[in-house]
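Step one of this worksheet: look at the structure below.
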DNA sequence: TATTGTTATACTCTATAACTATA
DNA sequence: TATAGTTATAGAGTATAACAATA
């Protein structure tokens with residue numbers, strides 16, 4: 001059973017609002033933790049996606065999280081200068097690069113994963129495991145269904 | 001009963017990620033709708049909070065959603081120039097202003113509320129009312145409990 | 001001495017489009 | 001002619017701190 005319409009309307013009205021506030025909070029914590037590693041959030045996102053699936057082209061990475069090509073390009077410049085990733089010529093096409101994680105990048109991976117765990121656990125700590133699972137499921141459906 | 005630990009860990013790992021993606025999506029839609037009214041998101045947020053509770057000082061508005069004073073100041077410049085709000089000298093202190101919505105601002109309110117409804121409904125359309133309620137409740141608890 | 005609000009300034013992020021080289 | 005990636009440039013957004021007025 002749902003709440004009365006007018007109350008639901010009011011609460012619905014705050015959905016985007018709550019989402020923004022939660023997202024800002026998570027982002028601030030993440031950025032704070034990444035600062036110690038001298039990584040920004042985009043570089044972190046790229047590291048995570050390339051660790052998960054190596055040899056992606058820059059275009060594929062950009063499409064993975066709606067970031068324009070030029071931003072990927074610059075973020076990679078930083079990561080490559082620090083020796084965490086490297087661009088290799090793609091086998092399929094000489095105008096593409098495959099992005100690979102270096103040994104130094106692999107060495108950093110455990111710290112990156114630990115940060116993910118800690119930030120997520122910190123934000124969801126007041127929910128039970130079952131509640132967190134449900135929340136994740138609902139969010140996953142929203143992401144999958146809407147566009 | 002919860003999922004096996006390793007799977008939960010992996011899914012937990014994506015909580016912040018899903019949150020970011022959802023928030024970005026909502027923000028993009030909102031910004032898109034607000035463009036027609038020539039309002040940015042901060043100006044919109046200020047309008048909504050002042051409509052809900054008039055006569056707030058700028059400091060109070062800023063604390064309401066973690067926006068620094070200078071940003072409130074500039075956003076109000078724009079809103080005031082367009083005649084949507086006005087700064088009145090506060091009764092309590094001559095160094096504060098109370099922010100009030102003008103008649104023109106009130107006239108805009110229904111459109112603003114309609115945008116909120118539509119954006120939220122659009123994003124949550126794939127959930128039942130009960131599921132949306134639950135999602136809102138879980139998010140509200142996260143916001144309330146964490147800090 | 002602390003607070004409210006404004007402003008100047010610099011810095012970062014983002015967006016646009018021009019550019020090279022491939023296909 | 002279209003694509004992958006880079007780069008230059010401009011614009012928006014954000015942060016820092018200095019400032020005036022008031023408490």
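Quick notes
- Modelled spin labels at residue B:80 and residue A:69, positioned 7 Å past Cα toward Cβ, are 4.6 nm from each other.
- Convex hull volume per residue for the protein assembly as shown, taking Cα atoms only, in Å³: 170 Å³
- Closest approach to the axis carrying B onto A, counted by Cβ on chain B and given in whole Å with its residue, is B:23, 2.
- Sites residue B:107 and residue A:27, calculated FRET efficiency, Cβ-Cβ separation with R0 45 Å, nearest 0.05: 0.80
- When residue A:49 is represented by a point 7 angstrom out along its Cα-to-C-beta vector, the spacings to that point in the other copies are 3.3 nm, nearest first.
- Whole-angstrom gap from the stretch B:68-127 to the stretch A:65-114, using each part's C-alpha centre: 43 Å
- Between this copy and the others, label points of residue B:37 are 4.0 nm apart in ascending order, each placed 7 angstrom from Cα in the Cβ direction.
- Convex hull of Cα atoms in chain A, direction-averaged projection (nm²): 11.4 nm²
- Label point distance in nm, residue A:60-residue A:37, each placed 7 Å from Cα along Cα→Cβ: 2.2 nm
- GNM flexibility winner over chain A from A:128, A:102, A:49 (Cα, springs under 10 Å): A:128
- With contributions of -39500 (n - 2.57) from each DSSP H run of at least four residues, the per-residue ellipticity at 222 nm computed over chain B stands at -22500 deg cm²/dmol.
- Label-point spacing at residue A:78 relative to the other copies reads 2.6 nm, in ascending order, each point sitting 7 Å out from Cα along Cα→Cβ.
- Per-residue mean of C-beta atoms belonging to partner chains within 10 Å, peptide A:46-56: 0
Rule-based calculations on the coordinates, nothing more; no lab input. Quantities reported herein were computed from a predicted structural model and do not represent experimental measurements. A quick note on method: Cβ atoms are made from the backbone with ideal geometry, for glycine too, and the neighbour counts reach across all protein chains shown.
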